[in-house]
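Accompanying notes for the structure given below.
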Amino acid sequence: MKRLAPLLIALIVLSASLALAEEPQEPLAQADTLYRDGRFAEAAAAYREALDAGWDGARVQYNLANALYRSDQPGAAIAHYEAALVSAPRDADIRANLERALAERPAGRPAPSASWLHAAAVRIVRSFTLSEFAWAAALGWWLTLAAFAWLLLGARRRRVVRALTIGLAACTLLLSGFATARWWSYHAIDRAVVSTESAQLRTGPSESFEVAMPVHEGWTMRVLRRDADWAQVVGEGGAAGWLPTASLAMVRPAASETPADR
């Protein structure tokens, strides 16, 4: 019996570990089953429950977006595709589905930037995560300091080492700028998408204010501030005003960097 006791304890611990490992997957497994069965509205609700329970990540955001898109909620789907891209910016499936949803909205695809330089900078910022930019910038600073120390210690080819130091410093500053832009665009600014078929952009936070212009589902917005049930926003083309928060789907970036799977 004394020899069997450690074995029994090990089996109990192993069983408990397996039970804990399987439990987190239950909400997602249920949502995946509903999706495969074509019950997209129910699958979307199940994925939302998983998000609320803390099972975040690009996979959940992406699958929720797919379920919303297939249940005729393109505005909310765009918001979750955008959220998934924050942690998986180079995922081809997420990008393709987002482009399809944007192309099918009433306003069509967003207008391209008038400046090729701005467009190139935006493309770079959107192609890497904040962590990737931060690690690259940190490495750049260390290499720059190492090159500068080598220069101070009397490197033989001082002109070459000086040029290398300047080049490393310039690249590091550029990477730091991209990291700052990435943080500002996706973490310091609240973004939202119009999730109702149509809404009225008003001049103030109440229905008593004048209608500035109508907006349609799928329009992307930058949220400046909130006042009770209203949000002050700036949309595509510079359209500014107030919208009811009930007509907006907030872009909430995924917390983890789990790749999408559908």
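Quick note: the coordinates plus some simple rules give every number you see, no bench work behind them. Since we're looking at a predicted model, the values are computed, not measured. Cβ coordinates were reconstructed from backbone atoms using ideal geometry, including for glycine residues, and neighbour counts include every protein chain displayed.
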TODO: Would you be so kind as to identify which of GLN30, ALA136, LEU117 lies farthest towards the positive end of the dipole of the chain, taking Lys and Arg as +1 and Asp and Glu as -1 on Cβ and the Cα centre as origin?
DONE: ALA136
Task: R0 of 25 Å, Cβ-Cβ distance VAL122-LEU151: FRET efficiency to nearest 0.05 - done: 0.10
- [ ] Once you've got the GNM for the chain with C-alpha springs shorter than 10 Å, pick whichever of THR220, THR129, THR180 has the biggest mean-square fluctuation.
- [x] THR180
Task: Inter-centroid distance (Cα atoms) of the range 68-112 relative to the range 37-58, Å - done: 17 Å
Open item on the list: What's the magnitude of the charge dipole for the chain around its Cα centre, counting Lys and Arg as +1 and Asp and Glu as -1 at the beta-carbon? Answer in Debye, nearest 20.
Closed with: 1820 debye
Task: Pairwise label distance in nanometres, SER185 with GLU210, each label 7 Å out on the Cα-Cβ vector - done: 3.5 nm
Open item on the list: Within a 10 angstrom radius of the beta carbon, how do VAL60, VAL122, VAL223, VAL160 rank from fewest other beta carbons to most?
Closed with: VAL160, VAL122, VAL223, VAL60
Open item on the list: For HIS216, HIS80, HIS118, which order do you get if you count the other beta carbons within 10 Å of each Cβ and list the fewest first?
Closed with: HIS118, HIS216, HIS80
Open item on the list: For the chain, what does the helix formula give at 222 nm: sum of -39500 (n - 2.57) over DSSP H segments with n ≥ 4, over the residue count, nearest 500 deg cm²/dmol?
Closed with: -18500 deg cm²/dmol
TODO: Multiply the residue gap between ALA114 and SER198 by 0.36 nm, knock off their C-alpha separation, and tell me the result in nm, one decimal place.
DONE: 27.5 nm
- [ ] For every other residue with a beta carbon closer than 12 angstrom to the beta carbon of ASP72, add +1 if it is Lys or Arg and -1 if Asp or Glu, then tell me the sum.
- [x] -2
Task: Cα gyration tensor shape of the chain, rounded if a/c is under 1.5, else prolate or oblate by comparing a/b with b/c - done: oblate
Open item on the list: Shape verdict for the range 190-250, please, from the Cα gyration tensor: rounded (a/c under 1.5), prolate (a/b greater than b/c) or oblate.
Closed with: rounded
Open item on the list: With 10 angstrom as the radius, rank MET250, MET221 by how many other C-beta atoms surround their C-beta, starting from the fewest.
Closed with: MET250, MET221
